[in-house]
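Presented below is the structure to which this report refers.
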Number of protein chains: 2
Amino acid sequence: MHNISELQKIIETAIPNIAYPAHPKNLYEPIKYIMNLGGKRLRPALVLLAADMFNGEVEKALPAALAIETFHNFTLIHDDIMDNAPLRRGQTTVHEKWGTNNAILSGDVMMVEANKQLAQVDSALLKEVLNTFNATAQGVCEGQQLDMEFETRDDVSIPEYIDMIRLKTAVLVGGALKLGAIIAHASTEHAALIYEFGENLGIAFQLQDDILDVYGDPAKFGKQVGGDIISNKKTFLLLSLQQRLTTADQGILDEQFLNQTDSKVKNVTNLYNQYQIRELATEEMQSYLVKAFNALKQINIPAEQKEQLIALANELMNRES
Amino acid sequence: MHNISELQKIIETAIPNIAYPAHPKNLYEPIKYIMNLGGKRLRPALVLLAADMFNGEVEKALPAALAIETFHNFTLIHDDIMDNAPLRRGQTTVHEKWGTNNAILSGDVMMVEANKQLAQVDSALLKEVLNTFNATAQGVCEGQQLDMEFETRDDVSIPEYIDMIRLKTAVLVGGALKLGAIIAHASTEHAALIYEFGENLGIAFQLQDDILDVYGDPAKFGKQVGGDIISNKKTFLLLSLQQRLTTADQGILDEQFLNQTDSKVKNVTNLYNQYQIRELATEEMQSYLVKAFNALKQINIPAEQKEQLIALANELMNRES
């Protein structure tokens, strides 16, 4: 069994070796640029990890892992256009560097590149692999659509929010693991269970992100603590708070939405504290972790084959950034 | 054997029956909207026609045909964003109706829908089908990139232009025919030849488009005659003219680039006439038709099986709009 950092290294080594056509240069340069911006390579590593866990050959799962990473980076290019984001991993975004039209088109051709990588999978597995990949890709697009729509809606419910993060973030975690399982010839039942593990872990991961944004240690968080508060982002925390506020406190929160000063993060955090929103969010997060580990428990393989996945899940859930 | 209008009818009937998810509504409504805007359905009909020609079942080729039509309409949504186009087939474009971000994302998910349709193909043929589809999709993206880049370049050569229209337009014609051939279990050689036929026909078709834009009968053309001239589009005609102009006439053309009056179309057409550019373009178009029909001749099947394709090619090349 490989540990996660070995798998991440395999991905990290493979990415600069992906061959793209030389021309048109401006179509393919942005792909190399974003693919080599770094990141933890967690999603593709999960493909390899699942293959390894079900006694498959890691090498055989590599094309699907690269397809997942390529797809993920394609969504980043298009999301950054939609969000008008100037920076990605501290570097200029593709649309800022090459222009929006070029960024749309480089993203489009990345989707094709992802499908080309996927088409390298064994013929006998191809249909199942495609079905999983397409369902995943579709979910991610739906999640992004909902995320955009939520920005201008003021009646987003908590189940809607959970469904949005499930689609936008968690489906890809589940899909990556399931792809690895399929390539390792895991049973349909095991493939479904590892997907269930991944999807629930992904939801827990995003809820933890929402918590860290407010309660992260500024020295370790890496981003500005309170970023979601500053942008009035409808996170699990904010939606939960809004459900619980007294009318008087609702007034305080409404004022904060317009607050442009430094006091905003502190004031909203105070409301979170007052209504014990952190505890509520942590409880919600734990409930998805329980679901994830229940699914994993049902996978009937020797415990040592699950060790790396459990180690990774624990590492992710104890992160501080 | 089915004739082309029967095949177009099969497509026309199938399109409104494609099932998309109901939610998020704004993600899928634009897909239904553009897929139902009409058009001649030539590309998907070519998939069916090739399958029929090689004695395959038309029904079995339908998913690939719908994938081709879905992909084509996805490129229309994204191209219209890039071109800032207000209208498509006389109706409001998707990005005008739903906003640019929504249009980007609906386009993205259409690419997934195309891949889902493709994944319905027989498992045994899937790898070859995917490879053909992916190569086609990649070519179309490359062609669009070159087309955009040519707008701001003043040193576009004729071979570069031909390569651009090959990628942007012709590769999809060849790819559609090849998909049909593969699904009908045609030999690799026959699949390559039908591709070659289609690619060359596609180049001839686009050259004819360039000619019709200037020399079309205003009563029959459907669009404004001279549209390419008005927008200074670098067509085969313009590039050929620029190669041949005397220095004095170059000055006349340069003036026309800035001419905003109605006289522009007439003045540039006069230059085309003076340098016999129509004849030159017709000759070039004919040379690609010859290549196309040479490829078709090498396909070793009974002549009557080729009849529908030949009828279609003749119809296309004798069109007036």
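Throughout, read-outs are computed from the coordinates displayed, never taken from laboratory work. Quantities reported herein were computed from a predicted structural model and do not represent experimental measurements. Virtual Cβ from ideal backbone geometry, glycine too; neighbours counted across all protein chains shown.
Brief remarks follow.
- Residue-span extension gain [B:Asp83 to B:Gln276] - 0.36 nm each, minus C-alpha spacing: 66.4 nm
- For A:Glu283 and A:Asn55, the FRET efficiency from 1/(1 + (r/R0)^6), where r spans their Cβ atoms and R0 equals 51 Å, is about 0.90.
- Residue by residue along B:82-90, Cβ atoms of other protein chains within 10 Å of the local Cβ number 1 on average.
- Protection proxy ranking of B:10-23, B:214-227, by the mean of other Cβ atoms within 10 Å over each peptide's residues and highest first, is B:214-227, B:10-23.
- Among A:Leu296, A:Ile277, A:Leu309 the positive-end extreme of the charge dipole of segment A:4-317 (Cβ point charges): A:Leu309
- Nitroxide proxy distance, nm - points 7 Å out along Cα→Cβ at A:Asn314 and B:Ala22: 4.5 nm
- Counting only other chain Cβ atoms within 10 Å of each residue's Cβ, the peptide A:67-79 averages 1.
- GNM top mover of B:Leu125, B:Leu296, B:Leu309 - chain B, alpha-carbon springs below 10 Å: B:Leu125
- Whole-percent pair-distance distribution, where bins are 20 Å wide, for the alpha carbons of the protein assembly as shown: 17, 46, 28, 8, 0
- Most mobile of B:Ile277, B:Ile203, B:Ile194 in a GNM of chain B (Cα contacts under 10 Å): B:Ile277
- Proximal aspartates and glutamates to B:Lys40, defined as alpha-carbon separation beneath 16 angstrom and excluding residues fewer than eight positions away on the same chain: B:Glu6, B:Glu12, B:Glu69, B:Asp209, B:Glu315, B:Glu320
- Among the residues of B:137-149, the average count of other protein chain beta-carbon atoms within 10 Å of the residue beta-carbon is 6.
- Protection proxy ranking of B:85-94, A:285-294, A:171-180, by the mean of other Cβ atoms within 10 Å over each peptide's residues and highest first, is A:171-180, A:285-294, B:85-94.
- Pairs from B:Lys9/B:Lys60; A:Lys116/A:Lys178; A:Lys9/A:Lys234; A:Lys168/B:Lys116; A:Lys25/B:Lys266 whose Cα-Cα separation, in the structure shown, is over 27 Å: A:Lys9/A:Lys234; A:Lys25/B:Lys266
- Among A:Leu253, A:Ile15, A:Leu49 the positive-end extreme of the charge dipole of the protein assembly as shown (Cβ point charges): A:Leu49
- Tilt relative to chain B, helix B:303-317 - C-alpha long axis, 0 to 90 degrees, to 10: 40 degrees
- FRET efficiency estimate (nearest 0.05) - Cβ-Cβ, B:Lys32 to B:Asp155, R0 30 angstrom: 0.10
- In order along segment B:235-251, phi translates into HN-Hα couplings of 8, 4, 5, 5, 4, 5, 4, 4, 5, 9, 4, 6, 4, 4, 5, 4, x Hz, rounded to whole numbers, per the Karplus curve 6.51 cos²θ - 1.76 cosθ + 1.60 with θ = phi - 60° and x for Gly and Pro.
- For segment A:119-216, with +1 on Lys and Arg beta carbons and -1 on Asp and Glu, the positive-most of A:Ser187, A:Ala135, A:Val173 along the dipole: A:Ser187
- Each copy carries B:Gly99; placing its label point 7 Å along the C-beta direction from Cα gives inter-copy distances of 2.5 nm, listed from smallest up.
- Convex hull volume of chain B per residue (C-alpha atoms, cubic angstrom): 130 Å³
- Among the chymotrypsin sites (Phe, Trp or Tyr not before Pro) within segment B:100-166, not one is in coil by DSSP while having at most 16 neighbouring Cβ atoms inside 10 Å.
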